[in-house]
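Some notes on the structure that comes next.
The values are calculated or read from the model by the stated rules, or taken from the named source; none is laboratory data. Treat the numbers as computed from the prediction; the structure is a model and nothing was measured. Cβ coordinates were reconstructed from backbone atoms using ideal geometry, including for glycine residues, and neighbour counts include every protein chain displayed. Areas reflect the complete protein model, heavy atoms only, side chains present, ligands, DNA and RNA absent. Shrake-Rupley method; radii C 1.70, N 1.55, O 1.52, S 1.80 Å.
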Amino acid sequence: MTRNDTDDLVRTAQADFAAAATPAELENAKARYLGKAGRLTDLLKGLATLGADEKKTRGAQINAAKQAIEAALNERRQELADAELERQLKAQALDVTLPGRRRGSGGLHPVSRTMERIEAIFASMGFDVADGPEIETDWFNFTALNTPPDHPARSMHDTFYVEGGHLLRTHSSPMQVRYARAHARKYEGLAHMPEIRVIAPGRTYRVDSDATHSPMFHQCEGLWIGENVSFKDLKAVFTDFCRRFFESDALQLRFRPSFFPFTEPSAEIDVAFASGPLKGQWLEIAGSGQVHPNVVRNFGLDPERYIGFAFGMGPDRLTMLRYGVNDLRLFFDGDLRFLRQFQ
Ligand code: DAH
């Protein structure tokens with residue numbers, strides 16, 4: 001091989017390295033020249049057959065070619081590394097002019113807002129706010145409320161039963177009994193017992209599901225018991241509550257005779273708005289009545305001495321009316337596009 005041949009080899013190597021687009025391609029190209037079976041390695045092996053003088057010049061020639069090839073290799077390696085760095089810098093570029101990412105701010109669920117409103121209004125009228133178990137005993141949910149096991153009213157309250165005589169409470173009314181019993185026990189034996197005035201909001205359950213019923217729904221119970229509490233007090237309290245809740249003094253109430261095992265007499269409470277899309281329509285929002293003597297007895301109180309009223313309303317219904325929502329299920333689907341509108 002002559003000087004021209006080593007010059008050619010250097011040129012092809014340079015072109016080969018330049019054509020390598022990735023570090024892996026470049027390493028493959030390197031092997032073709034400098035590897036064990038590479039072309040330059042072959043030339044070095046060929047030296048063994050030459051005489052001493054020839055070996056000297058030829059060796060120097062091959063060495064010069066080797067250095068040139070290695071220089072070309074290192075240069076291309078650097079080029080590829082620079083290009084890779086450039087690419088990464090571009091990809092990870094930080095645009096300081098972009099607006100920052102904010103942490104989303106949460107808000108209260110519309111039904112929770114209703115609950116807070118109900119609590120605030122009744123608290124201002126001297127009512128305590130109580131909380132109780134959602135998994136109830138049969139006795140508190142039904143029997144104590146004058147609804148014994150064979151009572152037909154039970155059929156409207158189908159629910160989920162769990163072991164040990166427990167069930168998911170079908171209404172908030174068992175809280176009347178729980179609260180009143182604790183109250184009666186607290187003042188037992190004393191000459192005077194303060195009146196019982198309480199509301200109990202919370203979750204309730206029934207086997208029901210359509211646009212206006214969900215298997216889990218909310219109720220808010222109310223109870224006012226004393227020695228001289230009458231139906232007119234119920235009318236006054238509930239009318240005041242509704243007018244404040246819906247922010248309309250022109251709102252009308254109607255007490256429509258009804259039946260509940262735990263009240264006598266019983267009434268369904270309807271409201272009619274003085275304006276808005278539902279103007280003039282009677283809409284049912286609560287059940288109510290004078291607490292039945294049997295229930296007062298189960299409170300641990302003497303029905304000859306203590307009398308009063310109870311009511312049970314649906315905060316979900318109140319929320320629908322207040323915001324003009326016509327499908328109850330929207331509240332419990334968890335769709336933030338819907339819920340955000342109430343923030
Ligand atoms: N608990 C009844 C229901 O879920 C509602 C109700 C009616 C509650 C009359 C009361 C009441 O306290 O007096 O259907």
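Values computed for the structure shown
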| item | result |
| --- | --- |
| Of the chymotrypsin sites (Phe, Trp or Tyr not before Pro) in the range 110-198, those whose Cβ has at most 14 other Cβ within 10 Å and which sit in DSSP loop | Phe160, Tyr187 |
| Antiparallel bridges, percent of DSSP beta bridges restricted to the chain (to nearest 5) | 95 |
| Computed accessible area, Met125, all protein chains, 1.4 angstrom probe, square angstrom | 40 |
| Relative contact order, percent, the range 3-91 [alpha-carbon distance under 8 Å, six or more residues apart] | 38 |
| Selection from Tyr187, Ala250, Ala211 lying farthest towards where the dipole of the range 110-342 points positive, charges on Cβ | Ala250 |
| Lys pairs under 20 Å by Cα in the range 3-91, provided they are eight or more residues apart or on distinct chains | 9 |
| Sparse-neighbour loop sites [trypsin sites (Lys or Arg not before Pro); the range 1-86; at most 14 other C-beta within 10 Å; DSSP] | Lys36 |
| Cα→Cβ-extended label distance, 7 Å offset, between Glu163 and Phe259, nm | 3.8 |
| Residues Arg297 and His109, FRET efficiency given R0 of 41 Å [Cβ-Cβ distance, rounded to 0.05] | 0.60 |
| Anchor Lys235: lysines whose Cα lies under 22 Å away (excluding residues fewer than 8 positions away in-chain) | Lys279 |
| Charge context of Ser214, other residues only, Cβ under 13 angstrom, K/R +1, D/E -1 | -1 |
| Check: the range 110-342 dipole with +1 on Lys, Arg Cβ and -1 on Asp, Glu Cβ, in debye | 460 |
| His151 - accessible surface, heavy atoms, 1.4 Å probe, Å² rounded to 10 | 40 |
| Ellipticity estimate at 222 nm from DSSP helix runs (n ≥ 4, -39,500 (n - 2.57)) divided over the chain, nearest 500 | -13000 deg cm²/dmol |
| Positive-end residue of Trp139, Ala19, Met175, charge dipole of the chain with Cβ unit charges | Ala19 |
| The range 145-207: GluC sites (Glu not before Pro) in DSSP loop, at most 10 other beta carbons within 10 Å | Glu163, Glu188 |
